[in-house]
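The structure under discussion appears below in the form of structure tokens.
The values are calculated or read from the model by the stated rules, or taken from the named source; none is laboratory data. All values reported here derive from a predicted model rather than from experimental measurement. Here the Cβ is made from the backbone with ideal geometry for all residues, glycine too, and neighbour counts use every protein chain on show. Surface accessibility is based on the protein's heavy atoms, side chains included, excluding ligands, DNA and RNA. Shrake-Rupley method; radii C 1.70, N 1.55, O 1.52, S 1.80 Å.
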Amino acid sequence: QVQLVESGGGLVQPGGSLRLSCAASGTIFSSSVMSWHRQPPGKQRELVAAITSGGSTNYADSVKGRFTMTRDNGKKTMYLQMNNLKPEDTAVYYCLSGAYYSGSWGQGIQVTVSS
């Protein structure tokens with residue numbers, strides 16, 4: 001059974017930074033496509049960033065140049081470094097292992113950007 005646990009969220013001022021972590025267990029982490037998604041208040045969940053087993057990444061246009069996704073296969077952990085945060089980045093952030101409808105989701109973690 002795959003289990004994902006996010007950490008690192010919280011309250012930050014506009015322009016600040018946070019790093020989210022997602023620790024995985026019960027999965028062959030190194031061969032999985034991993035991704036971060038977020039759900040802003042009152043809106044649908046959206047893709048933020050994804051990374052392949054080989055380390056190739058892609059990002060939503062709204063976060064390009066500000067967010068960086070990495071993975072450490074030895075630690076079975078992936079990260080989302082978020083810089084220059086904006087109020088519109090406020091959301092519950094989820095990590096996903098595998099495909100959207102068949103993969104495993106973390107429980108979600110709140111990120112709030114506010115002065």
Which residue is least open to solvent (accessible area, probe 1.4 Å), if the candidates are limited to segment 24-33 and must be under 17 Å from residue 52 (Cα atoms) and out of contact with any Leu (no Cβ under 7 Å at 6 or more places or on another chain)? 29
Only one of 54, 42, 16, 74 is of a type outside the set (A, V, I, L, M, F, W, C) and either in contact with a Phe, Trp or Tyr (Cβ under 7 Å, 6 or more places away or on another chain) or open to solvent by less than 60 Å² (accessible area, probe 1.4 Å) (or both), namely 16
Being within 17 Å of residue 25 (Cβ to Cβ), at pLDDT below 95 and polar (S, T, N, Q) is the requirement here; does residue 53 meet it? no
Mind checking whether some residue in segment 79-100 is open to solvent by 70 Å² or more (accessible area, probe 1.4 Å), small (Gly, Ala, Ser) and closer than 24 Å to residue 1 by Cα? no
Looking only at segment 1-44, count how many residues are modelled with pLDDT of 95 or more, in a loop (DSSP other than H, G, I, E, B) and among the polar types (S, T, N, Q). 3
